[in-house]
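Quick one: structure below, then a few questions.
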Amino acid sequence: MATPTGPRVPCSEAAVARALLFGWVLVRVAGATGTTDVVVAYNLTWKSTNFKTILEWEPKPINHVYTVQISPRLGNWKNKCFYTTDTECDVTDEIVKNVKETYLARVFSYPLDAISSTGEHPFTNSPEFTPYLETNLGQPTIRSFEQVGTKLNVTVQDARTLVRVSGTFLSLRDVFGKDLNYILYYWRASSTGKKKATTNTNEFLIDVDEGENYCFNVQAVIPSRRANQKSPESPIECTSQEKVLSMEMFFIVVAVMLVVIIFIIVLSVSLCKCRKARAGRSGKESLPLNVA
């Protein structure tokens with residue numbers, strides 16, 4: 001059989017071609033499976049105040065992006081914050097649908113050159129989060145206050161939340177009901193000793209000393225919780241009472257003054273009579289004796 005006489009490809013060139021082809025295939029496969037230089041998210045943390053809820057994580061992406069998914073414990077996963085270079089995602093609109101539900105989130109990492117691929121991508125799960133039990137209570141505000149006589153009335157303003165029912169945003173009181181308490185810390189402006197009162201409504205009516213100025217602030221609290229029970233304290237407010245005498249004290253002062261005036265008048269009259277009496281006796285003693 002005749003041996004082919006056509007030109008041959010040198011062995012070294014064929015090996016290089018095969019190596020390049022094999023390397024290209026590996027790169028494509030790696031890109032499709034999402035295993036090239038992808039940093040998996042870590043330190044997933046829920047940040048929530050009055051049900052405004054943000055999921056945060058690390059690190060800042062370099063050659064990749066993130067997508068977040070969130071789900072109730074027994075529900076379906078929903079995508080949030082698609083292909084983001086941020087390291088946080090606002091998930092409030094999902095958790096306010098049922099704040100007593102327990103939620104789980106996960107953060108997927110995608111290489112920039114494989115965003116549209118359908119393969120599996122690495123992800124990290126968050127801790128579970130139950131908004132009703134874990135959202136932080138925001139700083140309350142004092143809506144109004146008035147001190148009349150020995151009574152101090154303080155009204156607390158409920159914070160609004162992003163929880164909605166029939167298109168209306170609910171307040172903290174609407175969501176928590178009687179689970180929500182307020183603590184009033186109050187003290188005389190001239191003193192440092194604090195007292196406190198607690199209510200499961202928004203009104204305080206406490207006994208104070210008449211005519212004294214008082215300072216106070218309030219704090220929200222949910223006693224039934226194991227953690228995150230208390231909010232930060234509100235800014236301090238103070239009353240401004242003028243120092244006035246009570247009616248009882250006024251009459252006492254007037255009576256004492258009358259007694260003093262009467263005493264002075266009586267004493268003056270008595271002294272005057274005494275002087276006249278002494279003057280009369282002295283005049284009689286100075287007259288000459290009559291001689292028979």
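Would it be correct to say that T192 is hydroxyl-bearing (S, T, Y) and without any contact (Cβ under 8 Å) to a residue 24 or more places away in the chain? Talk me through it step by step, then tell me what you get.
On the way: hydroxyl-bearing (S, T, Y): yes; without any contact (Cβ under 8 Å) to a residue 24 or more places away in the chain: yes.
Spelling it out, T192 is indeed hydroxyl-bearing (S, T, Y) and without any contact (Cβ under 8 Å) to a residue 24 or more places away in the chain.
Report, by residue number, each residue of segment 61-96 that is at pLDDT 95 or above and among the charged types (D, E, K, R).
Selection gives K78, K80, D86, E88, D90, D93, E94.
Taking segment 36-55 on its own, how many of its residues are open to solvent by 60 Å² or more (accessible area, probe 1.4 Å) and either under 18 Å from V96 (Cα atoms) or free of Cβ contacts under 8 Å to residues at least 24 places away in the same chain (or both)?
Residues meeting the conditions: 4.
Follow-up question, since we're still on this one. Among the residues in segment 97-112, are any in contact with a Ser or Thr (Cβ under 9 Å, 6 or more places away or on another chain), within 14 Å of Q69 (Cα to Cα) and part of a loop (DSSP other than H, G, I, E, B)?
no
Whether any residue in segment 121-140 is within 30 Å of I206 (Cβ to Cβ) and open to solvent by 50 Å² or more (accessible area, probe 1.4 Å) is what I want to check.
yes
Also, I was wondering about something else. Provide a single number: the residues in segment 156-212 that are in a loop (DSSP other than H, G, I, E, B), open to solvent by less than 40 Å² (accessible area, probe 1.4 Å), of a type outside the set (G, A, S) and closer than 30 Å to S48 by Cα.
Residues in segment 156-212 being in a loop (DSSP other than H, G, I, E, B), open to solvent by less than 40 Å² (accessible area, probe 1.4 Å), of a type outside the set (G, A, S) and closer than 30 Å to S48 by Cα: 3 in total.
The values are calculated or read from the model by the stated rules, or taken from the named source; none is laboratory data. For clarity, every value in this text was computed on a predicted model and none was experimentally measured. All Cβ positions, glycine included, derive from the backbone under ideal geometry; neighbour counts span all protein chains shown. In case anyone asks, the SASA skips ligands and DNA or RNA and just uses the protein heavy atoms, side chains included. Shrake-Rupley method; radii C 1.70, N 1.55, O 1.52, S 1.80 Å.
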